[in-house]
Amino acid sequence: IKNYVHYGSKYANAFWWQATLSMYYGDGDNIVFRPLVALDVCAHEFGHGITQSTAGLAPGYQESGALNEGFSDIWGACVEHWAAPSKQTWLIGEEIMANGSDCLRNMQNPKDPLAGEGQHPNTYHGQFWDNNSEPHNNSTVLSHWFYLLCQGGSGTNDIGNIYTVNGIGINNAQLIAYRTEAFYLNSSANYSAARTTTIQAVRDLFGTGSCSEISVTNAWYAAGVGGQYTGGTIPVINGPSAICYNSTATYTLSNVTNGATVTWNASNAYRTVTPSADGLSATVKNITTTSTPSSISVSVNGCSGQLSNSISIALGTPYIAGSYTNTFDNSNNPLGFYPGVTNPACTGYYINTNMEITGASGIPNVTWSKVSSSGVVNFTQTGNDIRFYLFTDNENVVFQLAAQDACGTATKQFKWQASTCSGGSGGGNCFAYDVSPNPTDGDVNVDVENIIPPCNIEGLNTQQDLNNLLITELRVYDVAQHLKKHQKINGVKHIKLDLSSLTNGVYYLEIIGNSGHKEHRLIYKR
């Protein structure tokens with residue numbers, strides 16, 4: 001590389017000539033500029049040669065030209081910091097000014113009113129942005145990004161972005177800038193591409209999710225290019241969900257950035273917690289002899305701020321909390337295709353959806369069993385949840401949950417109450433006929449209810465209608481809608497229906513009365 005000094009007569013500039021790979025320096029006019037051979041100016045021009053030999057950013061009035069000038073200011077600052085750290089690193093050309101200006105451009109404060117070239121933008125398309133794309137003017141968005149990456153800072157930019165950037169130092173920042181030019185940028189790159197490629201470069205050098213990547217991203221956000229960093233990962237605690245009495249377990253952390261400060265905590269005094277020296281693991285000992293719920297939490301303070309997480313554990317056998325959801329669900333009615341059937345017995349599938357089983361959650365040996373009630377059919381278990389159907393009004397049912405972990409088995413019982421829907425007590429929508437027992441071993445009694453107003457029964461509008469109601473016909477269908485039993489009656493208040501000839505299972509009973517009144521029931525033959 002050849003350098004030519006005393007170029008021209010009172011020539012007030014310096015430049016890189018790409019055709020001959022050489023640099024030229026004027027002596028200045030001693031009005032605005034002194035001789036233009038200051039260290040950072042020489043490094044700036046040499047930086048154009050670096051850019052030509054790497055990214056090849058096209059000079060001129062477009063964003064690639066602004067990036068070209070911005071990288072040269074970056075190299076001017078880096079070389080001056082390395083060779084003459086006592087000088088003003090972030091002022092470009094402070095030694096060549098003859099007119100009282102404090103510098104040519106100010107990387108720390110591009111809007112510096114004393115800068116020789118005038119005020120420049122610190123925000124992409126913000127104040128002082130040149131819509132005609134003058135490259136020196138618009139270069140300061142890149143050079144200010146670099147300053148923030150090195151030194152850090154906080155504030156609000158011209159487009160309202162409230163930012164905080166943690167500086168990573170010039171030695172690390174210059175590695176990112178050079179790798180970006182050498183491996184990723186091309187001749188037509190713009191500011192958006194610069195953001196994308198610097199993030200890739202920092203990941204190459206310092207790792208994805210590193211503090212350096214966070215700073216690179218947030219510095220661009222401060223400069224008005226792209227969003228702030230949102231990839232901070234919550235720390236994950238890995239370890240068993242139960243610890244037996246007088247036993248220990250080791251819990252480890254993942255998704256923790258290097259250099260972060262880790263604090264372990266526990267929810268009660270029934271165990272001891274001993275963190276490792278680096279905080280990335282902890283040994284926990286169970287010191288209680290009873291089954292007790294507990295939790296372990298961790299706080300991580302690093303470049304993403306404070307992030308925390310916790311996990312529930314059981315000390316001893318599983319701890320079963322009493323929280324569950326009692327939900328009616330008629331959508332799975334096994335005979336729902338029959339006309340006029342909505343909630344046939346005013347009961348339905350009740351689904352436990354929120355059982356809390358500390359220490360055994362997710363373990364397959366969580367089992368439900370029926371303790372009492374002859375009215376429960378279709379009892380099924382899926383994971384920690386159960387489904388069942390109650391065929392009889394006012395039916396009580398008790399289920400027992402057993403949860404097993406490595407320390408043993410714990411049990412707890414839960415009780416459900418079926419809803420009331422039959423007539424006889426008055427109020428609401430009622431049935432005119434009572435069907436019992438249900439489930440049945442053979443016989444089913446069908447009776448006209450002793451209905452007390454104000455029960456509302458469709459088709460029976462007066463008390464006289466209710467008093468005159470009789471049973472005139474019974475039809476029994478299976479789940480495939482096949483008629484299995486048909487009996488006509490000469491109008492009675494009570495009749496016993498024999499189902500002993502039917503196989504066990506669910507059936508649909510249609511009761512027809514005088515005046516055409518019909519009602520429907522689901523019955524279960526066992």
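The values are calculated or read from the model by the stated rules, or taken from the named source; none is laboratory data. Quick caveat: nothing in here was measured; it's all calculated off a predicted structure. Glycine gets a Cβ as well: all are built from the backbone with ideal geometry, and neighbour counts include every protein chain shown. Just the protein is used for accessible areas: all its heavy atoms, side chains included, with ligands, DNA and RNA removed. Shrake-Rupley method; radii C 1.70, N 1.55, O 1.52, S 1.80 Å.
A few comments on the model shown:
- For the stretch 49-181, dividing the convex hull volume of the Cα atoms by the residue count gives 110 Å³ per residue.
- Residue order for Arg521, Arg526 - accessible surface, 1.4 angstrom probe, largest first: Arg526, Arg521
- The candidates Ser436, Ser154, arranged from most to least accessible area with a 1.4 Å probe in the full protein assembly, appear as Ser154, Ser436.
- A simple packing score, the average count of other Cβ atoms within 10 Å per residue, orders the peptides 403-409, 495-501 as 403-409, 495-501, with the highest score first.
- Sum of side-chain charges, Asn131 neighbourhood, beta-carbon under 15 Å (Lys, Arg +1; Asp, Glu -1): -4
- Of Phe15, Phe206, the order by accessible heavy-atom surface (1.4 Å probe, DNA, RNA and ligands excluded), from most exposed downward, is Phe206, Phe15.
- Rounded accessible area of His6 (nearest 10 Å², 1.4 Å probe): 130
- Dimensions of the stretch 196-311 from C-alpha coordinates, computed as largest minus smallest value along each principal axis and given longest first, are 58, 22, 19 Å.
- Hits among lysines - C-alpha to C-alpha of Lys412 under 19 Å, sequence gap 8 or more where chains match: Lys370
- For the stretch 170-222, relative contact order (Cα pairs under 8 Å, six or more residues apart, normalised by length) works out to 29 percent.
- Mean Cα-pair separation over length for the stretch 178-289, i.e. relative contact order, pairs under 8 Å, 6 or more apart, %: 18
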